[in-house]
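Okay, so here's the structure we're looking at.
The values are calculated or read from the model by the stated rules, or taken from the named source; none is laboratory data. It should be emphasised that the depicted structure is a prediction, and the values quoted were computed from it without experimental measurement. Please note: Cβ atoms are built from the backbone with ideal geometry, for glycine as well, and neighbour counts cover all protein chains shown.
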Amino acid sequence: MPFIYDKLFALLKERGLTMYSLRKDKIIGTETLEKMRKGKGHIDTRSIESLCKYLNCQPGDLMEYVPDAQDYNKEGE
């Protein structure tokens, strides 16, 4: 998947928050958090919106686009 969420987890750590606090405050669900942590699956824009509202940030503060090696090779041809 071309999006990684390392920025989200760094932001949580910086603010003293945990994945548990996101679940407890009903910001996003466990399944969505696992998808983000593992970098697998698609994340709904409503989840991104909830996180941005909760953390008072922009989507770019949560995630980064990293093209798949396969996509990169196609562009380089």
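Before moving on, here are some points about what is shown:
- Looking at Glu64, Glu34, just one residue is acidic (Asp, Glu) and either in contact with a strand residue (DSSP E or B) (Cβ under 7 Å, 6 or more places away or on another chain) or at pLDDT 95 or above (or both), and that residue is Glu64.
- If you go through region 14-30 and keep only what is assigned to a helix (DSSP H, G or I), closer than 18 Å to Glu49 by Cα and not polar (S, T, N, Q), you end up with Met19, Leu22, Arg23, Lys24.
- Entry remark, region 26-46: residues being touching a helix residue (DSSP H, G or I) at 6+ places or on another chain (Cβ under 7 Å) and buried (at least 17 other Cβ atoms within 10 Å of the Cβ) number 6 in total.
- Pairs, first free of Cβ contacts under 8 Å to residues at least 40 places away in the same chain and surrounded by fewer than 16 Cβ atoms within 10 Å (Cβ to Cβ) in region 1-18, second of a type in the set (A, V, I, L, M) and not in a loop (DSSP other than H, G, I, E, B), C-beta under 8 Å, six or more apart: Thr18/Leu12
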